[in-house]
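Q: I have a structure here, written as structure tokens, and I will follow up with some questions on it.
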Amino acid sequence: MAESKTKYDRQLRIWGEQGQAALEKASICLLNCGPTGSETLKNLVLGGVGSITVIDGSKVEVGDLGNNFLVDESSIGQPKAKCVCSFLQELNDAVKAKFIEEYPEALIESNPSFFSQFTLVVATQLVEGSMVKLDRICREVNVMLVIARSYGLTGFVRISFKEHTVIESKPDHFLDDLRLNNPWPELRRFAESIDLNVQDPVAHKHIPYVVILVKMADEWAKSHGGKLPSSREEKKDFKELLRARMVALDEDNYKEAIETSFKVFAPRGISSDLQQIINDSSAEVDSNSSDFWVMVAALKEFITNEGGGEVPLEGSIPDMTSSTEQYVNLQNIYQTKAEADFLAIEQRVRSILKKTGRDSNCIPKTTIKSFCRNARKLKICRYCLVEDEFNSPNLPRLQNYLTDEDYSVAAGIYILLRAVDRFAANYKSFPGQFDRVLEEDISRLKTTAISLLSDFGCNGSNLAEDLINEMCRFGAAELHVVAAFVGGIASQEVIKLITKQFVPLSGTFIFNGIDHKSQLLLL
């Protein structure tokens, strides 16, 4: 791991050693190694995935030199999978790389069990029928699937997996867990030991804002029937109360207290999102339940019992104006409470594992600790089958997207990317692909798209003529600049899925290179 720490230093700062270890254990299969597939896999190889298998039955042609950086003139006539695999291996010799010279569509038909050996499959440039079949295969063997496609100046990325649970969701903005609206006895006693009316001006300006808010909230509650500020007027009055306690203009601790006073007003208990998770039927665990759901079951018990309606304390505090002694004491109080909560959760996890007939020590302490630290930020992603979305998309949403000024082009691209596959099935080539009369293909694609919308029940919905014309003009070209972008998004989602960190895309990601926009459609 020492060599990995040096090699992957920057990315370790994002997903840590645990995330990197998950990447290095992962086995990735790529279907089709054109520009989109090559760009996706390039990012994963540089990131240090354990092994890759490239599946492609085509040979390198002259046209490939203009859009795929992983082939060169010496590759012409050679198996594309072999050439791309060789170039990728040069980027990172720690990654095990192999190739199979076979068309993915044929492999999906002839050997569906082949895909069960992988952690994740990245399928690029597949038509609708192959996507549907591959998705079914991957679902049956519990292998994650990421589908990516670039088509002219457009593209899409979609994830398919029955259930993906995330402990370290790492949201951009999230309130720290200080419990100022519900302090536990030790925190309250510490606050009571500090005099807000201390005469020493240096001591007064170094009282931590946590202490100021706990004491002032208690003072407020005593004069308001035990209730904290709730109305806009009361919150304003509470801030004025804090301001009145300042004895000098340069007291940053009181300014911090005023700025963060909203933490006192925050509702107690758990969020509706977390409530939904602990109420999920999967929280009723048995011997087949995943480690995540066992820990959720323990969390549910903890909230009802030791937690008193709250999740385990995270145990960290932000920087604040304070004397060193008081800050360290405060930090210890939070860490001690967090450790006690962790031990209570751990005991419940071990007990549940024993009751369900599993080894009571099969979930490591580090995993339980991470779960406790992130209990407020848990996420579950469930994806419908590609076939279900294709046959029965969420009709009200689709109609809204088609008529919404902001989403109509993205929805149009989604429909047209489906329509070009139907077109290809009927006419044995994609619209505008060969030297046919373009106007004829435009008319055919328009008819196909209208038929598709009619199948969904979107009668009367129209697609922009310009967009239909553009899709025909693209001629199914895979432009490198678009492939690089779509491949970047796809590889980013792969990393989220493998490391189980950050929240992956919840719908179909549409890239619109015409208007330089990216949007997510939840269908």
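The values are calculated or read from the model by the stated rules, or taken from the named source; none is laboratory data. Predicted model, so just to flag it, every value in this text is computed and none were measured. Heads up, the Cβs are rebuilt from the backbone with ideal geometry, glycines too, and the neighbour counts pull from every protein chain shown. For the accessible areas, the whole protein counts, side chains as well, though only heavy atoms, and no ligand, DNA or RNA atoms are used. Shrake-Rupley method; radii C 1.70, N 1.55, O 1.52, S 1.80 Å.
Q: Expected output is a single nm value to one decimal: the length gained when fully extending between HIS516 and PHE265, i.e. 0.36 nm times separation in residues minus the C-alpha distance. What is it?
A: Going from the current span to full extension adds 86.2 nm.
Q: Please grab the % of Cα pairs in region 1-153 that end up more than 23 Å from each other.
A: 38 percent
Q: Now, a different point. List, in order, the whole-Hz ³J(HN,Hα) value for each residue of region 297-303 obtained from phi through the Karplus relation with A = 6.51, B = -1.76, C = 1.60 and θ = phi - 60°; use x for Gly and Pro.
A: Those phi angles translate into 4, 5, 4, 4, 5, 4, 4 Hz.
Q: Once the other residues with Cβ under 15 Å from the Cβ of ALA490 are scored (Lys, Arg +1; Asp, Glu -1), what is the net sum?
A: Around ALA490, the charge tally is +1.
Q: Could you order peptides 145-158, 493-506, 266-279, 338-351 by the average number of other Cβ atoms within 10 Å of their residues, highest first?
A: 145-158, 493-506, 338-351, 266-279
Q: At a 1.4 Å probe radius, carbon and sulfur cover how many percent of the accessible area of region 94-220?
A: On region 94-220, the fraction of accessible area on carbon and sulfur atoms equals 52 percent.
Q: Counting only protein heavy atoms, what percent of the accessible surface of region 319-471 is carbon or sulfur at a 1.4 Å probe?
A: Solvent-exposed carbon and sulfur of region 319-471 make up 46 percent of the total.
Q: Taking the full set of protein chains and a 1.4 angstrom probe, give the accessible area of HIS206 in square angstrom, rounded to the nearest 10.
A: Accessible area of HIS206: about 60 Å².
Q: Leaving out ligands and nucleic acids, and using a 1.4 Å probe, what accessible area per residue does region 259-371 come to in Å²?
A: Roughly 50 Å² per residue, with all protein chains present.
Q: Also: Order VAL202, VAL264 by their accessible area, 1.4 angstrom probe, all chains in place, largest first.
A: VAL202, VAL264
Q: Next question, about the same structure. So what J values fall out for region 465-478 if you push phi through Karplus, 6.51 cos²θ - 1.76 cosθ + 1.60 with θ = phi - 60°, rounded to Hz, Gly and Pro as x?
A: Result, ordered by residue: 4, 4, 5, 5, 4, 5, 4, 6, 5, 4, x, 6, 5, 10 Hz.
Q: Using a 7 Å offset from Cα along Cα-Cβ at PHE174, what residues in region 353-375 end up with backbone N under 15 Å from the label point?
A: What the label zone holds, given the 15 Å backbone N cut-off, is 368-375.
Q: Out of PRO393, ALA344, PHE371, whose Cα points farthest toward the positive end of the dipole of region 307-423 (charges: +1 Lys, Arg; -1 Asp, Glu; placed on Cβ)?
A: ALA344
Q: Modelling each spin label as a point 7 Å along the Cα-to-Cβ direction, I'd like the LYS428/ARG243 distance in nm, to one decimal.
A: According to this spin-label approximation, the distance is 8.0 nm.
Q: Quick one: helix 232-244 against the long Cα principal axis of the chain, what's the angle to the nearest 10°, folded into 0 to 90?
A: It works out to around 60 degrees.
Q: Whole-Å semi-axes of region 392-523's equivalent ellipsoid, largest first, each the root of 5 times a Cα gyration tensor eigenvalue?
A: They are 26, 20, 13 Å, listed from largest to smallest.
Q: Right, something else. Quick one: angle between helix 408-427 and the longest Cα principal axis of the chain, in degrees between 0 and 90, rounded to 10, please.
A: 30 degrees
Q: Find how much the distance from VAL437 to GLN335 grows on full extension, using 0.36 nm per residue of separation minus their present alpha carbon separation; answer in nm with one decimal.
A: Between VAL437 and GLN335, full extension yields an extra 29.5 nm.
Q: SER116 to VAL503: extension gain in nm, 0.36 nm per residue of separation minus the Cα-Cα distance?
A: Taking 0.36 nm per residue and subtracting the Cα distance, the gain is 136.9 nm.
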